[in-house]
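Visitor: Before we start, here is the structure in question, set down as structure tokens.
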Amino acid sequence: MKSSIKSYCLCLYFIFYPLATFAQTNISELPFFEKNIIDFAPSVSADGRTLIFESDRVDAKWRLFETAKHDDGTWSKPILIEEINKKAKGNSLIGGPSISYDGNVLYFFAYFEGESESEDIYKVVRTKEGWSEPIKLPATINSTGYEGFPSISADGNYLYFIRLNDDYPYDRKSKEDCFSIWRSRIDENGNYGKAIKLPAPINLNCERDPRILADGRTLIFSSVRENGKGKYDLYMSIEEQEGQWSEPKSLDFLNTKGNDLSVSMPASAELVYYYRDDRIYSAMVPEGYGGFTNIVFKGLLVDELDQTRITDARVFAYDDDDNQLAKQKVGANADFTFVFSPGSRYTLKLHSPLHPPKSYILDLTPFSSFVEIKDTLTLNNQVEAPIRFFDADLTQDRLYPSVRVNQSLICSETSESCDYRFTWGQSQTIFIDGLDEYENHQYSLNVKDWFEETGKYEFDIFIEAKKKSLKVNILDNISQEKIKNARIVLRNKNKDEVITAEDGEEVRLRIGNRYQLNIESERGYLFYSAELDVTEGMEGNLTFTMTPMVEGASLSTNLIVFESNQASLNPKAEEELNRIYRMLLNNPDVTVEIGAHTDDVGSDEFNLTLSEKRAQSVIDFLVGQGLPETQMIAKGYGESRLLFKGDSEEERALNRRVEITITKTEVE
């Protein structure tokens, strides 16, 4: 079977047809043609300066050659591509090259004697040392049969190629072997999808040598068709929608009675290169045959700081709606090439392991015709990143410590911002001072890891406060038994923090902070209020007692605040008043005396009157909340029951108080 496959592949190249009389103009053979050799299957780079083709010009064996176009328009002498050809031994065949539009990847098909069973498709990648070792494409492309003449799209997303048409392997009229055209989609990870045979009107019976142009939509291929000139003619079709192709149009300005094959065009579409009569020709492209207008962008990627070339990078192209259009790995010379449509804006996103991502806006709205744009893009591995500190629990609380790096102070406690220049991919240890109430004072920061995790360059560091674990015990102060349904609320007076717990639960309180604690029970107990200073050395149990509601029981609070020398309530008193309201609401059979006390500043008469008014203000508030007035009695004591007789403001504040005394109870 191998010999038969080989024979129909090789016989194609040796068919010779006398040169016909052409009406076509501007067609010329390339100057490196030599007698008794066959040059075939040209592939030109996007800029039109590199041409790779297959030829039997050395020892009559099919190998790949490369030539370059000089500034004066002449071509260099073709040279063997040794990195690829050295793999070929004996009757090996290498052909059908397709160079990517950036010039950094070369596809071809080959039969390597002693290794291959049939012709398969391979690729090589340009490195600093030249082309890599040939890489055989996976089974989604290569079958056990023949695959050949690959063509890679400019965006790198599609690979076209041919397989033998098993349903119509030979055309008797033209005496030509027949093939069909297939396509595989390449995903963002470089994986080749399952190949799909193109539908009619591309594939009829006898097609070959597809070439997708730079616009990614125009396909030129050869076909034996009715009304053709005899053998393989060139046709052009446009993919109007995904998988839907226009009726192919004959390239009459090129087609002859012989085989016209293997077209290739640069992105400018000014010239076309193709095969006929054992050699490669070029021709001017008439209007309407070059596909859609293209813009070639050729970029060079360098480090902004030292101007060294960056070769370990990928570039992604997006349209104005942020749809990914194409992707490329930067070449061995730090170069890359994209082909765009004019009249739109594009974004190039640069990704390198040693540099932060960067976007580059390419505005092509001023252009309507072909142009080649060259530019040098830069990446900088230094990132100026702000560092912000927050309380781990109270995440809205911004912290402002002093921060040191390598013993150098980068910001102080008075600094509004704390910025540091990080090196991408390297970890940096920072030390913080001035947060004695918090746990960790040392952090290792890596801006690359942080960006990949959060998508931000700003470091938001959440620091745990030092805390004391305490178990809450709530007991009856007479029986010392646990009280069911009692609840404690601890309000941090230093921070915006509120903690609730029930008897037996453990709470974690901030060391060095003061808490206002309030304990309430559903029925039968006076509520309890106090303040608690949390220290490192305090015991691990918080035991509180509540007083049962019996006649004569009382509680005192100085949290009911009045305006100075007035009976009107200060808004700060509302929270404590609401606790009294809930206690009386839950115990409707209890009657209480609301007793108000003053300090000893002022006359006895004035203070007595003031205290009576203040007691009534409390009752008025509670009645307004919905309690019956009959449940409460107002009583003013003036300065008659001072707790302290000193003249300090602290002692006077403790004398200014409200006492709740049980006068009657029928609690079950």
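The values are calculated or read from the model by the stated rules, or taken from the named source; none is laboratory data. What you are looking at is a predicted structure, and each value in this text was computed from that prediction instead of being measured. Neighbour counts run over all protein chains shown; Cβ positions are idealised from the backbone, glycine included. Ligands, DNA and RNA are excluded from the accessible area calculation, which covers all protein heavy atoms including side chains. Shrake-Rupley method; radii C 1.70, N 1.55, O 1.52, S 1.80 Å.
Visitor: I'd like the full set of residues that are among the polar types (S, T, N, Q), more than 30 Å from ASP436 (Cβ to Cβ), open to solvent by 40 Å² or more (accessible area, probe 1.4 Å) and not in a loop (DSSP other than H, G, I, E, B), limited to segment 523-557.
Guide: THR545, SER554, SER556
Visitor: Among what's in segment 321-352 and is β-branched (Val, Ile, Thr) and crowded, with 21+ Cβ neighbours inside 10 Å, pick the residue that is nearest to ARG185 (Cα to Cα).
Guide: Ranking the qualifying residues of segment 321-352, first place goes to VAL339.
Visitor: Mind listing whichever residues of segment 394-427 are open to solvent by 90 Å² or more (accessible area, probe 1.4 Å) and on the phi > 0 side of the Ramachandran plot?
Guide: ASN406, GLN407, listed by residue number.
Visitor: Turning to a different aspect of this structure: Taking segment 474-486 only, how many residues are surrounded by 17 or more Cβ atoms within 10 Å (Cβ to Cβ) and outside any loop (DSSP other than H, G, I, E, B)?
Guide: Total satisfying the criteria: 2.
Visitor: Quick check on segment 502-510. Is at least one of its residues in contact (Cβ under 8 Å) with a residue 40 or more places away in the chain, open to solvent by less than 80 Å² (accessible area, probe 1.4 Å) and more than 22 Å from LEU559 (Cα to Cα)? Steps first, answer last, please.
Guide: Filtering segment 502-510 down to residues in contact (Cβ under 8 Å) with a residue 40 or more places away in the chain leaves 508-510.
Now drop any that are not open to solvent by less than 80 Å² (accessible area, probe 1.4 Å), which leaves 509-510.
Checking the rest, the ones that are also more than 22 Å from LEU559 (Cα to Cα) come to 509-510.
Within segment 502-510, one or more residues are in contact (Cβ under 8 Å) with a residue 40 or more places away in the chain, open to solvent by less than 80 Å² (accessible area, probe 1.4 Å) and more than 22 Å from LEU559 (Cα to Cα).
Visitor: Right, something else. Residues THR256, THR311: which one is in a loop (DSSP other than H, G, I, E, B), within 26 Å of the chain's Cα centre (by Cα) and among the polar types (S, T, N, Q)?
Guide: The unique qualifying residue is THR311.
Visitor: If a residue must be buried (at least 17 other Cβ atoms within 10 Å of the Cβ) and at pLDDT 95 or above, how many such residues does segment 194-216 contain?
Guide: 12
Visitor: Starting from segment 332-343, keep only residues that are aliphatic (A, V, I, L, M), then list their pairs with residues that are assigned to a strand (DSSP E or B) and open to solvent by 30 Å² or more (accessible area, probe 1.4 Å) whose Cβ atoms are within a distance under 6 Å, requiring at least 6 positions of separation or different chains.
Guide: Short answer, once both residue conditions are applied: ALA332/ARG126; ALA332/THR127; ALA334/LEU300; ALA334/ARG309.
Visitor: Further question on the same structure: Is it the case that ASP321 is assigned to a loop (DSSP other than H, G, I, E, B), free of Cβ contacts under 8 Å to residues at least 40 places away in the same chain and not β-branched (Val, Ile, Thr)?
Guide: Details: assigned to a loop (DSSP other than H, G, I, E, B): yes; free of Cβ contacts under 8 Å to residues at least 40 places away in the same chain: yes; not β-branched (Val, Ile, Thr): yes.
Yes: the conditions hold for ASP321.
Visitor: Hey, does segment 277-291 have a residue that's at pLDDT below 95, outside any strand (DSSP E or B) and among the hydroxyl-bearing types (Ser, Thr, Tyr)?
Guide: yes
Visitor: Same structure again: Consider only pairs whose beta carbons are under 9 Å apart and that are at least six residues apart or on different chains; among these, list those whose first residue lies in segment 57-80 and is more than 26 Å from TYR111 (Cα to Cα) and whose second residue is open to solvent by 70 Å² or more (accessible area, probe 1.4 Å).
Guide: Qualifying pairs under 9 Å: ALA68/ARG49; LYS69/ARG49; HIS70/ARG49; THR74/PRO31; TRP75/PRO31; SER76/HIS70.
Visitor: Which condition number does VAL658 fail, the rest of (1) buried (at least 18 other Cβ atoms within 10 Å of the Cβ); (2) over 60 Å from the mean Cα position of the chain (by Cα); (3) part of a helix (DSSP H, G or I) being met?
Guide: For VAL658, the exception is condition (3).
Visitor: With the requirement that a residue be of a type in the set (A, V, I, L, M, F, W, C) and more than 22 Å from TYR107 (Cα to Cα), what does segment 237-263 give you?
Guide: Of everything in segment 237-263, those that are of a type in the set (A, V, I, L, M, F, W, C) and more than 22 Å from TYR107 (Cα to Cα) turn out to be ILE238, TRP245, LEU251, PHE253, LEU254.
Visitor: Something else now. Could you count how many residues in segment 283-308 are over 19 Å from SER250 (Cβ atoms) and crowded, with 20+ Cβ neighbours inside 10 Å?
Guide: Qualifying residue count, segment 283-308: 6.
Visitor: I've got another one for you. So is GLU115 of a type outside the set (Phe, Trp, Tyr), outside any loop (DSSP other than H, G, I, E, B), out of contact with any His (no Cβ under 8 Å at 6 or more places or on another chain) and surrounded by fewer than 19 Cβ atoms within 10 Å (Cβ to Cβ) or not?
Guide: Criteria not met by GLU115.
Visitor: Which one of ASP393, ASP375 is touching a residue at least 40 places away in the same chain (Cβ under 8 Å), assigned to a strand (DSSP E or B) and either farther than 28 Å from PRO357 by Cβ or out of contact with any Asp or Glu (no Cβ under 8 Å at 6 or more places or on another chain) (or both)?
Guide: That would be ASP375, the only listed residue that is touching a residue at least 40 places away in the same chain (Cβ under 8 Å), assigned to a strand (DSSP E or B) and either farther than 28 Å from PRO357 by Cβ or out of contact with any Asp or Glu (no Cβ under 8 Å at 6 or more places or on another chain) (or both).
Visitor: Determine which member of the set TYR122, TYR107, TYR160, TYR101 is buried (at least 21 other Cβ atoms within 10 Å of the Cβ), at negative phi and part of a loop (DSSP other than H, G, I, E, B).
Guide: Working: TYR122 fails: part of a loop (DSSP other than H, G, I, E, B); TYR107 fails: part of a loop (DSSP other than H, G, I, E, B); TYR160 fails: part of a loop (DSSP other than H, G, I, E, B).
Just one listed residue meets the conditions, TYR101.
Visitor: Starting from segment 623-636, take each residue that is surrounded by fewer than 14 Cβ atoms within 10 Å (Cβ to Cβ) and list its partners that are of a type in the set (A, V, I, L, M, F, W, C), counting only C-beta distances under 6 angstrom and pairs at least six apart or across chains.
Guide: GLU629/VAL623
Visitor: Of all residues being open to solvent by less than 10 Å² (accessible area, probe 1.4 Å) and closer than 13 Å to SER640 by Cβ in segment 562-609, which is farthest from the chain's Cα centre (by Cα)? Just the residue, please.
Guide: In this case the residue turns out to be ASN607.
Visitor: Against the definition (touching a Phe, Trp or Tyr at 6+ places or on another chain (Cβ under 7 Å) and within 26 Å of ASP312 (Cα to Cα)), how does ILE186 come out, yes or no? Please lay out each step first, then the result.
Guide: Values: touching a Phe, Trp or Tyr at 6+ places or on another chain (Cβ under 7 Å): yes; within 26 Å of ASP312 (Cα to Cα): yes.
Yes: the conditions hold for ILE186.
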